[in-house]
Each structure stands twice: as structure tokens, then as C-alpha cells.
Amino acid sequence: MPADFYFAIEVILNGLMAGVLYSLVALGFVLIFKASGIFNYAQGVMALFAAMTLVGIMNGQVPFAHLFNAIFGTEIHYFGWQVPALFAILLTTLVMVVFAWAVQRYIFRHLVGQEPIILFMATIGLAYFLEGVGDLMWGSDIKTLDVGLPQGASFWIEEQTAFLGGEDFFGFFIDQLDIVAAGVAIVLVAVLVAFSQYTKQGRAMRAVADDHQAALSVGISLNYIWILVWSLAGFVALVAGIMWGAKSGVQFSLSLIALKALPVLMLGGFTSIPGAIVGGLIIGVGEQLFEFLVGPLVGGATENWFAYVLALLVLVFRPQGLFGERIIERV
Amino acid sequence: MLDEMQSHVTEDGRTIGGVLMEMRNITLRFGGVVAIKDITFDIREGEIRAIIGPNGAGKSSMLNVISGFYHPQEGEVWFRGHKRPSMKPYQVAHQGIARTFQNIALFEGMSVLDNVMTGRLTHMKAGIFAQALWKGRAEEEEVANREQVEKIIDFLEIQHIRKTPVGRLPYGLKKRVELARALAAEPKLLLLDEPMAGMNVEEKEDMSRFILDVNDEFGTTIALIEHDMGVVMDLSDRVVVMDYGRKIGDGTPDEVRSNQDVIDAYLGVSHD
């Protein structure tokens, strides 16, 4: 049964591609968690906000137009220009950096030394706040995001692989967007790793992640590093927002991808960048493969719960995740 | 007593210069508890200055005031002839004051080499974009810093563990790595918080030798806290003695040793 076999391979390939997107979101969590011990519940909303801002800027939308019109009785909605995608991405990055600064300045600077649960609660508040601000700024309607990424099945791959199978096999079906997303994710991770290993700021980032007091004593400003880390997480959120937004439109459900990142983090460990990547891939492939093999027996829709069950199993046997730092209690 | 401004040469040939740091009438309170009460002393260039006292005397608090971790309610800190405004610890580090911690604060997940390299951060000036692009100046800087770091690693005899993650090292070596990181900053003033705490006799001797060598070779001014009296008396040029947040003695080891208040604080005194 070669066709079934090839179909399984196709399922795995598609799982890998989906996994890359999970990894992207998980990466944002890991960056912030490592450097500051904050589990940032708002990471998903940040992706949504970044995508909304990108669309808004590209379409020349006037920020806070509804609010402005309601107060002054005007009817302004658009500037009437279109901004090229690349320039809009740059501007959005800038917005995310300002956001990072504001988060540090107005929230976490006042919470230094607080319990992790309090920091976590603050990020929940931040998530709702940011969601509201996003709606107020750009409107809550569903938007399409098109930054010029290729979409749809890659015919080239289909044609090149068609010879493999028999008469009922027509080649692998893989979405071009997924391929682009995978490429972008790989480049992003490579750059992040190089940055953290070989630059002054990267070294400082790792130092802060390791020991705050020691970091201060060698002249590192914690505030500066935290802003840097939130900016990086904001940028990663933007990339994730572009990929997911291009796939399924920019709408509220985009922020729920954060929930998908949770099992990825439990699997890979909250403190490991490679863990976030491998965790994402395992969940992506596992989800698809499980649906393919077991789904038909149990009536399908296993994708909704498989990741969580897998994460639960990992938690039982390896609470620190596959790549997380080992938890050692000294007594 | 030493002359106020004049520099002089010690018996073993080291030059002690003018005043580098001056603490003037420092008072530090935590709520109602007075940790330091109206303490004044100075640290001269090139000397080894010890702060000693029984447990809870306020020694560590004093070190934390110098390094910017604590901010005194009253008093002035003068450094290199200027009154220092209230500063954060990282700003103090940029002024050229490096320190070690009583309970060792190293980056456990990083290698010895990386740990010592972080000590060079105050000397790295290339901006974030130059760093990110890894071009020209950033690269030159990295090479120069690496050379300096290797020199210090050689000096403190930790070449054999350069690539080892610090978390795996035994206690005595960790203390030495922490000293290396502080030295890498080429500090004008080096603060050591109980550098010999928890060490065995052999490790203590090693550490004493390193402290003397650092002072001798690099001319680094050192202020250290210790409560092992014997070690302090051998190492230091001048000693401040604290008890219950007050200064009860200040002078050369010999002067301090014969000070009745100091003897009372260490041996206890009968109140009758």
C-alpha cells in the first residue's frame, strides 16, 4: 500500500510545518521567561496586536479612528494611502519596541521582586488591556493580511514527487506558506542563537537570565535587558502574527494560539530555545499523525486534545520538559 | 596614623596613594533597625583595606552601600574626588567598582570563560547594531577583551577549567572564578565580601596569595570583609572594625589589635 505510506509521509511533513508555527509562538514565551521569570500570558495577544497593527498601517487606517469620530463627530477612517509591506513591518516592529518599553516602565518596574504568580497575573491583565487597545485602535472586524507571501499548494513539489507513488498518488501536498514559515522560523532561530551567544547584549541577556544580582554587579542594567527581551518577544510575536494571520485572517482567535504554545512549552521546557523548536515540531507531527492513525477509530477531532494529553504525560515523567534545566533541590 | 594626603611606600615596596574613596557619616536604616550608624572612613589608592567585625556588625551592609545595592539615609559617598549621587549597582560598576559576593553570585549555566567575559561588559562600547552585525569595531573589541580575560585566567590559574560550566565547579574554584570576573573589569576598586568564607585552610592560603598578588601586580585597590581575624591582620594595610553598626576601631592591624574596644567586641566584656 504505497499510497497510504506516502500519505503518512505527507501528514508528517504537514505536521512539521504546523509545528514550526507553534514553535514561533513558544519562542516568544521562552525569551521572556528565561530572562525575567515571567510567564507572559499576553504573548498570543501580542501576536494578534502586532498583526492588527501591521494590517492597519499597510491599509493606511487612522489609529483610534472610531474613538476620534465618536468624540468629534467626524468621519475619518483612512489616510488614503497604502504602505508597502516591508516598510509597514519596520514600523510595526517600532511599535512593538515602544510597547516593550511601556510594559517595562509602567508595569514590571513596579513589580520587581514580586512572586511569580503576581507577575503572571499582571500579564493576564496586560493581555486583556492590549486586546482592548488593539480593538480601539484598529477596529474589531476580521481583516485579511497579505504581505505578499505565496499561498496555496506548491505545484512544484507535487509534480516533483508524483512519480513516487502508484496511480492514486499525485505527489505531496504542501502549502507554500508553510514552507515560507518554516524557512523564516529557521532563520529567526539561527539569528537569535547567534545573537545570544556572540554579542555583548546577548551575553548580558544570558547573564540576567542566570543571576540578577551578579548581572548588576558586572554593570548590566536589568531594565535595559528586560526592554530588549520584550522587544525581541514582540518581534517574534509579529512574525508569528504574520504567518498565522496570512493563513487564517487577523481576528480574535489569533490570540488563542497562545494556548497551543502551552503544551509545546511543557514538552520542550520553559527555558530552552531549542526545546521550543523541537517541542513545536513534536506536537505538530504528533497531532497530525495521531489524527491520521487513531482519529478514524475514535471519531476524529483528536487535534483538539492530543497536544494537552501529550504534555500531561511529559509532566508526569519529566516535569522540567525534555530540554528544560533540571530541577535540583539541595537539602 | 597615615598622613592625610601624602602617598607613601610600604615595607614590601608597594605605593599607597591618595584617598580613592571616602565614606562620610554614613547611616543606613532598614525600617526601625539601624544597620550602620554614622560611619566615616576612607580607602586609599593601592591599599588593601579590611572591614572586620562580629556577625551582624553591618560589614556587608557597608559593602552594599559602596556598590550601590543599598542607599544610605544619611551621609555622603565620595569617589575619586567627587561626591557620588545615588546610583544603581550597574552604574557603580561602570564607575570602576567591581565586587564579589559572600554567597557567590556567578552565572551557573555559563562556562568559566563566559563568566569572566561578562566582567568585561563595562569595557565594551560597540552599540547594539554593530554587535548584531558583528562588524569592525565590535570584532576588534571582542578580540582585545578576550586577550585581557585570558591574562586573568592565567593569573588566577584556572586555565584547566576555562570551558567548564560554573555550576559543576567545587566551592573554592567558584570563589576564584568570581574573583576573576571582578578582576576582568580592571576595577579601580575591588570589593570582596568574605572571600575566604567556607574555605578550608589550603584554599584560604591560595586565596590570600591571590589577593596579595592582585594588589601587587595590578596595583588594584582592594576593600574586603572578613571575620577571620588572623587572615585579615596578615593581608591588610589598614582595618576598620565595626560592631553593632558603629565604627569602634580604625588603623593598622597592630593599632587595631591593641585597641581595647576591639578586644571587648571580639572576646566579650563583663559588665560590672
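Enumerate lysine pairs in the stretch A:2-317 that are 8 or more residues apart or on different chains, then count those whose Cα atoms are under 23 Å apart.
Details: A:Lys34/A:Lys200; A:Lys34/A:Lys260; A:Lys143/A:Lys247; A:Lys143/A:Lys260; A:Lys247/A:Lys260.
For the stretch A:2-317, qualifying lysine pairs total 5.
Karplus-based coupling profile of the stretch B:72-88, in residue order and whole Hz: x, 6, 10, x, 10, 10, 10, 10, 6, x, 10, 6, 8, x, 4, 10, 7, with θ = phi - 60° in 6.51 cos²θ - 1.76 cosθ + 1.60 and x standing for Gly or Pro.
Based on DSSP, what percent of beta bridges with both residues in the protein assembly as shown are antiparallel, to the nearest 5?
On the way: 26 of 42 bridges.
Just about 60 percent of them are antiparallel.
Per-residue mean of foreign Cβ neighbours for A:204-214 is 5 (Cβ atoms of other chains, 10 Å radius).
The stretch A:252-303 and the stretch A:187-230 have Cα centres spaced 29 Å apart.
Two decimals, Cα atoms only, Kirkwood Rh: what is Rg/Rh over the stretch B:220-266?
0.93
The coefficient of translational diffusion for the stretch A:2-317, derived via Stokes-Einstein from the alpha carbon Kirkwood radius under 37 °C and 0.692 mPa s, stands at 157 µm²/s.
Phi-derived couplings, Karplus 6.51 cos²θ - 1.76 cosθ + 1.60 at θ = phi - 60°, listed residue by residue for the stretch B:238-245: 9, 10, 9, 10, 10, 8, 6, x Hz, with x used for Gly and Pro. Two tests apply to each whole DSSP H helix in chain A, Cα reach of 24 Å or more along its axis and mean Kyte-Doolittle hydropathy of at least 0.0, and the ones passing both are A:2-36, A:85-106, A:116-138, A:176-198, A:222-248, A:273-293. With a Förster radius of 60 Å applied to the C-beta separation of A:Arg105 and A:Asp4, the computed FRET efficiency comes to 0.55.
Remark on B:Thr221: its backbone amide H falls under 5 Å from those of B:Gly46, B:Leu190, a criterion applied only to residues 5 or more positions apart or on other chains, H modelled at 1.01 Å from N. Just so you know, the averaged projected area of the alpha carbon convex hull for the stretch A:86-217 sits at 13.6 nm². For the stretch B:217-254 versus the stretch B:50-104, the spacing of their alpha-carbon centroids is 15 Å. Spin-label model, A:Tyr78 to B:Asp216: label points 7 Å out along the Cα-to-beta-carbon direction sit 8.0 nm apart. Mean projection of the Cα convex hull over all viewing directions, computed for the stretch A:1-139: 12.6 nm². Only helices enter the 222 nm calculation for chain A: every DSSP H run of n ≥ 4 contributes -39,500 (n - 2.57), and dividing by all residues gives -23000 deg cm²/dmol, rounded to 500. Computed from the alpha carbon atoms alone, the convex hull of chain B holds 154 Å³ per residue.
Summarising the amide proton neighbourhood of A:Gln114: residues at separation of 5 or more, or on other chains, whose placed amide H is nearer than 5 Å comprise an empty set. A cut-off of 5 Å between modelled amide H atoms, ignoring neighbours fewer than 5 places along the same chain, links A:Ala153 with A:Gln176.
The loop-placed GluC sites (Glu not before Pro) in the stretch B:185-233, going by DSSP, include none that has at most 16 neighbouring Cβ atoms within 10 Å of its Cβ. Altogether, the Stokes-Einstein calculation at 4 °C and 1.567 mPa s, with the Kirkwood radius of the protein assembly as shown over Cα pairs as Rh, returns a diffusion coefficient of 47 µm²/s. Checking every one of the GluC sites (Glu not before Pro) in the stretch A:114-213 against DSSP loop status and a limit of 13 other Cβ atoms within 10 Å picks out A:Glu167.
Every number here is computed from the coordinates shown, using simple stated rules; none is lab data. Note that the structure is a prediction, hence the values are computed from the model and not measured. As a convention, Cβ positions derive from the backbone with ideal geometry for all residues, glycine included, and neighbour counts pool all protein chains shown.
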